[in-house]
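> Have a look at this one.
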């Protein structure tokens, strides 16, 4: 039988919104995580669509810490590591909880996609209990 955290881990889904910085390589990516609770999501995989086949393949991992308080604000620490060997600096994102469902959060993550050209991405989230399905929405980064 699955514990409550494991049931939630299998049920989380993602919504992606893109908020690009004009003229800069890093992009601000807004992720909504259902079932986040206090840090039940260990990370997010960004999946890049192949321009030739249209298939999605893993591109970058964004590892997330558990939520914690810093100067009275709830935050997570995160690091982006891409399969091409690029690793970003450790960063923080404020945890914004949905008023109607405090287990659902939005995070604004600063990411730097490895592809030189504009590409389409989807995402999955994961924890020790498993990985979510590929997000229904996609973004151009």
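The values are calculated or read from the model by the stated rules, or taken from the named source; none is laboratory data. Only a predicted model underlies this, so the values are computations on that prediction, with no experimental measurement involved. No Cβ is skipped: glycine too gets one built from the backbone with ideal geometry, and neighbour counts run over all protein chains shown.
> Quick check on my filter: what residues within segment 55-70 are loosely packed, with under 10 Cβ neighbours inside 10 Å and either farther than 21 Å from residue 36 by Cβ or within 12 Å of the chain's Cα centre (by Cα) (or both)? Walk me through how you get there before you give the answer.
To start, the set of residues in segment 55-70 that are loosely packed, with under 10 Cβ neighbours inside 10 Å comprises 55, 69.
Result: 55, single match.
> Would you point out the residue of segment 67-95, among those that are touching a strand residue (DSSP E or B) at 6+ places or on another chain (Cβ under 7 Å) and outside any strand (DSSP E or B), that is nearest to residue 46 (Cα to Cα)?
Among residues in segment 67-95 that are touching a strand residue (DSSP E or B) at 6+ places or on another chain (Cβ under 7 Å) and outside any strand (DSSP E or B), the one nearest to residue 46 (Cα to Cα) is 83.
To keep it simple, each residue is scored yes or no on (1) in a strand (DSSP E or B); (2) at pLDDT below 90.
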| position | (1), (2) |
| --- | --- |
| 6 | no, yes |
| 9 | no, yes |
| 15 | yes, yes |
| 25 | no, yes |
| 31 | yes, no |
| 44 | yes, no |
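> Going residue by residue through segment 77-92, is there one that turns out to be farther than 21 Å from residue 141 by Cα and exposed (fewer than 14 other Cβ atoms within 10 Å of the Cβ)? Working first, answer last.
First, the residues of segment 77-92 that are farther than 21 Å from residue 141 by Cα: 77.
With the extra rule that they be exposed (fewer than 14 other Cβ atoms within 10 Å of the Cβ), the set shrinks to none.
No, every residue in segment 77-92 fails to be farther than 21 Å from residue 141 by Cα and exposed (fewer than 14 other Cβ atoms within 10 Å of the Cβ).
> Based on what the data block shows, is residue 131 closer than 16 Å to residue 47 by Cα, in contact with a strand residue (DSSP E or B) (Cβ under 8 Å, 6 or more places away or on another chain) and modelled with pLDDT of 90 or more?
It is true that residue 131 is closer than 16 Å to residue 47 by Cα, in contact with a strand residue (DSSP E or B) (Cβ under 8 Å, 6 or more places away or on another chain) and modelled with pLDDT of 90 or more.
> Right, another one. Mind listing whichever residues of segment 105-132 are in a loop (DSSP other than H, G, I, E, B) and either on the phi > 0 side of the Ramachandran plot or under 13 Å from the mean Cα position of the chain (by Cα) (or both)?
First, pick out the residues of segment 105-132 that are in a loop (DSSP other than H, G, I, E, B): 112-119, 128-129, 132.
If the condition is that a residue be in a loop (DSSP other than H, G, I, E, B) and either on the phi > 0 side of the Ramachandran plot or under 13 Å from the mean Cα position of the chain (by Cα) (or both), then 112, 113, 132 are the ones that fit.
> Hey, among the residues in segment 46-66 that are touching a residue at least 60 places away in the same chain (Cβ under 8 Å) and assigned to a strand (DSSP E or B), which one's nearest to residue 127 (Cα to Cα)?
So, considering only residues that are touching a residue at least 60 places away in the same chain (Cβ under 8 Å) and assigned to a strand (DSSP E or B), the one nearest to residue 127 (Cα to Cα) is 46.
> So, one more: Can you confirm whether segment 107-124 contains a residue that is over 17 Å from residue 26 (Cβ atoms), at pLDDT below 95 and loosely packed, with under 12 Cβ neighbours inside 10 Å?
no
> Checking the condition modelled with pLDDT of 95 or more, closer than 13 Å to residue 36 by Cα and out of contact with any helix residue (DSSP H, G or I) (no Cβ under 7 Å at 6 or more places or on another chain), which residue from 73, 96 passes?
Working: 73 fails: closer than 13 Å to residue 36 by Cα.
Answer to the check: 96.
> Let me ask you something else. Can you pull out the residues in segment 93-106 that are without any contact (Cβ under 8 Å) to a residue 60 or more places away in the chain and either surrounded by 20 or more Cβ atoms within 10 Å (Cβ to Cβ) or within 18 Å of residue 80 (Cβ to Cβ) (or both)?
93, 94, 95
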